[in-house]
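The values are calculated or read from the model by the stated rules, or taken from the named source; none is laboratory data. Please read all numbers here as calculations on a predicted model, not as lab measurements. Here the Cβ positions follow ideal geometry from the backbone for every residue, glycine too, while neighbour counts run over all protein chains shown. When the accessible area is computed, the model is the full protein with side chains, heavy atoms only, and any ligands, DNA or RNA have been set aside. Shrake-Rupley method; radii C 1.70, N 1.55, O 1.52, S 1.80 Å.
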Amino acid sequence: MISEKIVVIDDDPRVIKSIKLGLTEYEIISFTDGEKALTYLKRPNSVSLVVLDVMMPGVDGLTVLSDIKQNLKHISVIIMTGFGTKDIIIQALRNHADEFIEKPFNMQQLKEKISSILREKMYKNNIKIRGNDHVSRIKSYIERNYENVNLKFIAEELCLSPRYVSRLFNQN
C-alpha cells in the first residue's frame, strides 16, 4: 500500500539498509533495539506493520512480538530470523505473528508478504478512505519514488481504478 509506515527492528544495520533500499514504496522507520521500538510504537503513530528480527541483544524479538500483540493489536508483525528452528516458529505463531520469513530472504518474497498483509488488513477492516487521504498518500509515494511512478501502478496499490485516481488529482 502506498505510504504505509513499516517499522523494521533488527540489530544488523545491513539488514535494515537492505530493506530500506528494497522497499522504497513504503515509509520505513528502523530500530536496532527492541525496547526503543516498543517505546515508539506505544506513542500515537500510523504504523501498519512491523518486520521484526528474533535474535537481538537486550529484549529479544519474541518478547517484542508478545508485547505488540497484547497492547497494539492493530499492528501486524512479520517475524524474520536466521535461526528458524521449530521452537522459534511455534513460539512466534503462539504469539500471533502474522507471517514468518527466514534469513537470508529474497526481497521479492518479503514484498509479497508485506503487500498481502496490508491488502488483507485493508479489506478486513473495511477501511473507507476519503479522497483527500488518498491524494496525500499518493503525493507522499510520488515524492519518494518519482522515477518509478505511473497512474496504473498507483491505482493498483490503492485498490482503485486509474480513472478514479485521475479524477482525484483533477479535483485538487
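So here's what we get for this one:
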quantity	calculated
With every protein chain in place, region 1-78: carbon and sulfur % of accessible area (1.4 Å)	52
Phi-based couplings in Hz for region 96-102 (Karplus 6.51, -1.76, 1.60; Gly and Pro marked x)	6, 4, 7, 8, 9, 9, 8
Under Karplus coefficients 6.51, -1.76 and 1.60, residue-wise ³J(HN,Hα) of region 61-77 in Hz, glycine/proline x	x, 5, 5, 4, 4, 4, 4, 4, 5, 7, 10, 9, 4, 6, 9, 7, 9
For Phe100, residues with placed amide H under 5 Å, excluding near neighbours	Ile79
Ordering of 70-83, 101-114 by packing [mean C-beta count within 10 Å, highest first]	70-83, 101-114
